[in-house]
There are 2 protein chains.
Amino acid sequence: MQLLEQRILRDGEILPGGILKVDGFLNHQMDPELLTAIGGEFCRLYAGCGVNKILTIEASGIGPACFAGLAFGCPVLFAKKNRTRNLSGEFWTSRVWSFTHNVENIILVSKKYLGPGDRVLIVDDFLANGAALDGLISLCLEAGAEVAGAGICIEKAFQPGGERIRSRGIRVESLARIKSMSDDGGIEFC
Amino acid sequence: MQLLEQRILRDGEILPGGILKVDGFLNHQMDPELLTAIGGEFCRLYAGCGVNKILTIEASGIGPACFAGLAFGCPVLFAKKNRTRNLSGEFWTSRVWSFTHNVENIILVSKKYLGPGDRVLIVDDFLANGAALDGLISLCLEAGAEVAGAGICIEKAFQPGGERIRSRGIRVESLARIKSMSDDGGIEFC
């Protein structure tokens with residue numbers, strides 16, 4: 001998606017350790033115009049796939065997922081990290097290693113909102129090692145929901161998550177696929 | 001806002017301890033059609049107020065804030081709870097007591113995205129004790145940004161936050177103001 005690639009080149013920032021900061025337009029601070037285009041593109045890619053629910057994970061997936069939900073006209077569900085007092089009842093759960101924070105999170109969604117009959121598009125801002133996406137797929141399988149596929153804003157294609165998950169037969173569409181990044185700010189797309 | 005009040009009456013659930021669960025349409029699972037209406041209503045209420053930025057706090061404020069940003073056509077910034085590795089640089093910070101989780105969080109936003117010249121609408125899903133809203137107002141004041149006001153989806157008007165913050169001269173618009181709730185499921189709006 002040219003609009004997103006151009007924005008990454010213009011406003012993205014590369015930090016040591018292979019970190020791409022896009023917090024001026026995609027997470028932390030979000031540009032609704034760009035996110036509208038992103039949601040529309042996911043909808044175009046998955047048209048006719050019967051998607052009736054968007055699933056993401058807090059916090060930075062929520063923005064792109066909301067705009068996907070708007071484009072599809074379907075509910076948006078976000079997995080919570082760890083249990084909170086206000087989440088009573090029963091949950092589907094999964095374990096996700098966070099490479100960002102170096103902790104294992106339990107992620108959970110209410111059984112009320114995910115089950116057989118749901119055909120889910122999983123949306124997230126980044127795909128790198130694929131830990132979050134693995135966890136969200138697990139939630140769907142545990143719930144008996146079908147995974148239509150994943151809609152990713154930015155994939156670090158030089159990290160193993162995307163290939164591993166595609167090799168399981170799961171459709172993954174990434175709007176910007178980064179082939180390589182250099183510490184001097186150079187970014188090459190696939 | 002009649003649409004929201006009706007939805008609360010239809011799909012909200014009262015739990016012991018004065019907890020109102022709206023996780024089927026407002027947080028956890030979100031209804032984009034309802035959120036579009038909510039964003040549009042905030043935009044109508046604050047028309048002509050010069051709002052150029054929406055500020056909220058992760059995670060459940062992000063949905064309503066995104067749709068407010070879409071209606072206003074301005075960026076949406078969410079405060080993060082505690083520091084993460086990917087947030088380098090300098091931040092405005094504030095301390096917020098979470099009555100939901102019984103912990104104190106440091107909330108932070110990047111100084112790059114909030115400063116003098118910003119005229120901020122603070123958006124959140126709930127207003128009860130007002131701790132989160134206090135913290136977000138503090139971030140704005142620290143940054144030298146102006147607070148145009150707050151746009152709240154649901155205010156528990158029987159808790160002290162709304163009155164305390166309005167008495168500081170800050171405009172607070174709540175789309176559904178709950179006067180009282182009873183454990184048998186009765187909800188009375190202001």
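What the table shows:
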item	result
Residue among B:15, B:3 that is out of contact with any Leu (no Cβ under 8 Å at 6 or more places or on another chain) and exposed (fewer than 15 other Cβ atoms within 10 Å of the Cβ)	B:15
Of all residues in region B:10-25 being more than 11 Å from chain A (Cβ to nearest Cβ) and touching a strand residue (DSSP E or B) at 6+ places or on another chain (Cβ under 6 Å), the one that is farthest from residue A:32 (Cα to Cα)	B:14
Verdict on residue A:66 being more than 30 Å from residue B:91 (Cα to Cα), at the interface with chain B (Cβ under 8 Å from one of its Cβ atoms) and either in contact with a helix residue (DSSP H, G or I) (Cβ under 7 Å, 6 or more places away or on another chain) or of a type outside the set (Asp, Glu) (or both)	no
Residue in region A:51-61 that is surrounded by fewer than 20 Cβ atoms within 10 Å (Cβ to Cβ) and either polar (S, T, N, Q) or more than 9 Å from chain B (Cβ to nearest Cβ) (or both) present	yes
Flag for residue A:178 being within 13 Å of the chain's Cα centre (by Cα) and part of a strand (DSSP E or B)	no
Residue tally, condition surrounded by 18 or more Cβ atoms within 10 Å (Cβ to Cβ), touching a residue at least 60 places away in the same chain (Cβ under 8 Å) and away from every other protein chain (no Cβ under 12 Å), over region B:99-145	11
Positions within region A:31-56 being of a type in the set (Phe, Trp, Tyr) and either touching a Cys at 6+ places or on another chain (Cβ under 8 Å) or part of a loop (DSSP other than H, G, I, E, B) (or both), in sequence order	A:46
Residue within region B:16-30 that is among the charged types (D, E, K, R) and in contact with a Cys (Cβ under 9 Å, 6 or more places away or on another chain) present	no
Any chance residue A:162 is surrounded by 20 or more Cβ atoms within 10 Å (Cβ to Cβ), outside any strand (DSSP E or B) and without any contact (Cβ under 8 Å) to a residue 60 or more places away in the chain	yes
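Matching residues to (1) of a type in the set (Asp, Glu); (2) at pLDDT 95 or above; (3) more than 30 Å from residue B:143 (Cβ to Cβ):
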| residue | (1), (2), (3) |
| --- | --- |
| B:8 | no, yes, yes |
| B:19 | no, no, yes |
| B:32 | no, yes, yes |
| B:38 | no, yes, no |
| B:41 | yes, yes, no |
| B:61 | no, yes, no |
| B:74 | no, yes, no |
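The values are calculated or read from the model by the stated rules, or taken from the named source; none is laboratory data. This structure is a prediction, so every number in the text was calculated from the model and none was measured. For neighbour counting, all protein chains shown are included, and Cβ atoms are generated from backbone atoms with ideal geometry for every residue, glycine included.
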